[in-house]
Every structure is written in C-alpha cells, then in structure tokens.
Amino acid sequence: MPRMNATAPIAAPSILSADFSRLAEELAIADPELDWVHCDVMDNHFVPNLTFGPILIAATRKLTRAFVDVHLMMERPWAMVEEFRRAGADQITVHLEACAETREVLRQIRETGAKAGLALKPATPFGAVAPYLPDLDTLLVMTVEPGFGGQSFMPGMLDKVRAAHAERAKKNLAFRIEVDGGIHPETARLARAAGADVFVAGNSVFHASDSRAALASLREAIGT
Ligand code: DX5
Ligand code: ZN
C-alpha cells in the first residue's frame, strides 16, 4: 500500500464521474504507486444524492491495486464501517457532521485496520475538527457542498487548508490534508500552495476527452 505514509502529493481520481459500464478501463488510469482511487458513498439522507455501497467498493478493490479511499457521505456511518473495510477500503472517511461520538468512530475505523479520515462540509469551521487531528490519518476539506460532482471550487475553503497545515506543523502531526470538489490543475495548484497533499478529482479527469492525460496534468500540477 504505497503512498499513505510517504509525503509526496497524491492525485485521487473520483469514480463518481466515471463511466460505470466501463469501470475496469476507467480504473486502469490510476497508477497504484502514485494515485488513490476515491469512492463517494451517498445515502440520500446526509446528502441529496444516492450512489453505491460496499458491493461497488468490492468490485473496485478487484479492479485496482491502488489505495482505495472511501468517502462516506451517509448518516450513521459507524453502522457500516466493518462492511466497507471487508469490501476492501484502505481508508474510510466519515463526516464530522454525521457523527455523535466522533472519536469513537475514528477508533472503530482504525480497529478494522483501515486508515481513518474525517471530512468537514463547507459550513463547518476548522475549529470543529481541530480536537480530532491527532486521531486522524486524513483530514478531508470539502471544497464544494458534498453531494454532486462537477461543481465549482470554493476558494474560501483554502483558509481551512492553511489552518490545518499550520496546526499539523505546530503539533508535529502526520495526517494528510485532502481537498475534494472542483479540483482541476489550476485549483489544485492553489490548494497545494495552501498546504493540501491529496487532490480528489472527478469531472476534470473522467469527463476529459483523454482521462489518462488529464490525470497526468493533475499530477504535474501538484508536483507528484
Ligand atoms: C462530491 C464528492 C466528490 C466528487 C468531486 O460530493 O465528494 O468526491 O467526486 O467531483 P468533482 O471533482 O467533479 O468536483
Ligand atoms: Zn468525495
């Protein structure tokens, strides 16, 4: 499982924007040594959209050797942590806004052997996640309102990335800072300059005429 503990920036193509009728080909663009594959689980409660569950994570797991990064946009995420891990998730990210006992859910994720991520919506301030940073492998800063691909990057979220980056240095922590929503080479450069090191990209990769080339441009923009 390369790239979790390394410090190089990571591109994470998001299969939300992929053509599921050709999932194997779409996933083949991810380089297991360089990239993560980002999987957006949505439940039509926490967010208005509905996507997929553990069955698709299991299929993804069979189709790629890359690190499988599962972003749970669902209520009661703790009820399905074990199932997502069994399906092959390398990292499970839950939303702060969906957790009552956040520390407990993060511990539960780590007990399965998966890495633990915590996400925050645009309206949630950085201060709300700050107490959990020592318990995290990844902090996911949403740079759009979660729910749909293809939205515009919210530049105001870069302040949270800067705050996370400063806090990580100050406390000598090792969590990764991931940005998700509206990422393309230009916004990725801004987020990189603010201190992000994982860059989720759906539309800009899978809706490009050449998705392999688009992913290569993203890698180049972030310097990986
Ligand atoms: C949005 C999801 C994202 C989505 C990003 O709620 O969390 O991961 O795939 O899509 P783009 O890159 O198209 O904004
Ligand atoms: Zn996501």
Rounded to one decimal in Å, the inverse mean reciprocal Cα-Cα distance for the stretch 34-94, i.e. its Kirkwood radius, is 11.5 Å
Of the residues PRO13, PRO134, PRO146, which exhibits the maximal mean-square fluctuation in a Gaussian network model of the chain defined by a 10 Å Cα contact cut-off? PRO134
Among all the lysines, which ones have a C-alpha under 30 Å from LYS170's C-alpha, if same-chain residues fewer than 8 places away are not counted? LYS115, LYS121, LYS160
At most 13 other Cβ within 10 Å, DSSP loop - GluC sites (Glu not before Pro), the stretch 97-144: GLU101
From zero outward in steps of 5 Å, how is the percent of C-alpha pairs of the stretch 83-160 spread across the bins? 3, 15, 26, 23, 17, 12, 4, 0
Of the convex hull enclosing the alpha-carbon atoms of the chain, the direction-averaged projected area in nm² is 10.5 nm²
Which order do peptides 203-216, 18-31 fall in by mean Cβ count within 10 Å, highest first? 203-216, 18-31
Starting from the eigenvalues of the Cα gyration tensor, five times each then square-rooted, give me the equivalent ellipsoid semi-axes of the stretch 113-216, largest first, whole Å. 24, 14, 13
So how much slack lies between GLU83 and ALA169, counting 0.36 nm per residue of separation and subtracting their Cα-Cα distance, in nm? 27.5 nm
Equivalent ellipsoid semi-axes for the stretch 153-202, as square roots of 5 times the alpha carbon gyration tensor eigenvalues: give them largest first, rounded to whole Å. 19, 11, 8
Rounded, prolate or oblate: pick one for the stretch 1-115, where a ≥ b ≥ c are the square roots of the eigenvalues of its C-alpha gyration tensor, a/c under 1.5 means rounded, and failing that, prolate if a/b is larger than b/c, else oblate. oblate
Amide H neighbours of SER14 under 5 Å, at least 5 residues apart or on other chains, H built in the peptide plane: list them. HIS38, ALA201, GLY202
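Read-outs: derived from the displayed coordinates by stated rules, not from any lab. Every value quoted in this text rests on a predicted model; they were computed, and no experiment measured them. Positions of Cβ are backbone-derived with ideal geometry, glycine not excepted, and every protein chain shown enters the neighbour counts.
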